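The values are calculated or read from the model by the stated rules, or taken from the named source; none is laboratory data. No experiment lies behind these values; they were computed from the predicted model shown. Glycine also receives a Cβ, built like all others from the backbone with ideal geometry; neighbour counts cover every protein chain displayed.
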Amino acid sequence: MLLVALGAMGSPALAIDVELTLAQAKQVMASARGPMEAAASNDEMFAIIKAADKNSRIGDDPATKPCGSSAILRTKTYWFEYFGREEGRRSKVAKQEVRMPEAKIQEILNMPNLEMEIGLCGQEEFFAEGADVALQQGATNVMAVDKGKPSRGRKIPGSKMDYVSRFSARFAYQDFDPQAVTNIVVFFPDGKLVTIEADFSKIK
């Protein structure tokens, strides 16, 4: 854990749901499953999935700001909603009820880490190589317990020099405060910093 001050924080935010019960998990899955079961077409199901992806994203919206910085937070609630939608989709295909085994639900309840996928923009293909990431809470940086290698930059259509790279990181729930005002800070080897305000009031 690195203790450094990195500037002002964002506005106060609510908490990520970390301590969910089995009953709450099933309720989240049922809420996500319903719209998929009611969808009249594949296009409607795709629209539901796309909207859910947007709801789990913080930072810039790639649809309106392609060369921006954002992160998808894959919390426990994210996974329960994801698998709830999968239950709905598979039930429609199979024309019978498809449900996740309770043991698998319990595995998600016991997940120790918050997973996130971070998207960044730079001006050459390998701009994100060597980047590191931390959760900034006050003067404390909570470092990731696991981090994937940034992808090779993908050129943004219509742009002459802008590339998008993504990488994943996991943070132990026990290492950070899900109720604290938080920034995601990406450190580059050249000293550059990118800060994404993590509004936990929108992410459960």
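Of the residues Ala47, Ala40, only one is in a loop (DSSP other than H, G, I, E, B), farther than 22 Å from Gly158 by Cβ and free of Cβ contacts under 8 Å to residues at least 12 places away in the same chain; which? Before you say what the answer is, go through the steps one by one.
Working: Ala47 fails: in a loop (DSSP other than H, G, I, E, B).
Of the residues listed, the single one that is in a loop (DSSP other than H, G, I, E, B), farther than 22 Å from Gly158 by Cβ and free of Cβ contacts under 8 Å to residues at least 12 places away in the same chain is Ala40.
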Taking the stretch 50-61 and keeping residues outside any helix (DSSP H, G or I) and polar (S, T, N, Q) leaves Ser56
Item to complete: Report whether or not Arg166 is modelled with pLDDT of 90 or more and farther than 16 Å from Leu114 by Cβ.
Response: yes
Here the residues within the stretch 83-128 that are closer than 30 Å to Leu193 by Cβ and of a type outside the set (A, V, I, L, M) are Pro112, Asn113, Glu115, Glu117, Gly119, Cys121, Gly122, Gln123, Glu124, Glu125, Phe126, Phe127
If we keep only residues of the stretch 87-143 that are touching a helix residue (DSSP H, G or I) at 6+ places or on another chain (Cβ under 7 Å), without any contact (Cβ under 8 Å) to a residue 40 or more places away in the chain and among the charged types (D, E, K, R), then the residue nearest to Ala39 (Cα to Cα) is Glu97
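Kindly indicate which of Ser165, Ser151 is touching a Pro at 6+ places or on another chain (Cβ under 7 Å) and over 20 Å from Ala23 (Cβ atoms). First the steps, then the outcome.
On the way: Ser151 fails: touching a Pro at 6+ places or on another chain (Cβ under 7 Å).
Of the residues listed, the single one that is touching a Pro at 6+ places or on another chain (Cβ under 7 Å) and over 20 Å from Ala23 (Cβ atoms) is Ser165.
Considering only residues that are in contact with a Lys or Arg (Cβ under 7 Å, 6 or more places away or on another chain), of a type outside the set (Gly, Ala, Ser) and crowded, with 17+ Cβ neighbours inside 10 Å, which ones fall in the stretch 86-104?
First, the residues of the stretch 86-104 that are in contact with a Lys or Arg (Cβ under 7 Å, 6 or more places away or on another chain): 87-88, 98.
If we keep only those that are of a type outside the set (Gly, Ala, Ser) as well, we get 87, 98.
Residue satisfying the conditions is Glu87 alone.
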Screening Ala15, Ala8 for residues that are part of a loop (DSSP other than H, G, I, E, B), modelled with pLDDT under 95 and under 28 Å from Ala128 (Cα atoms) leaves only Ala8
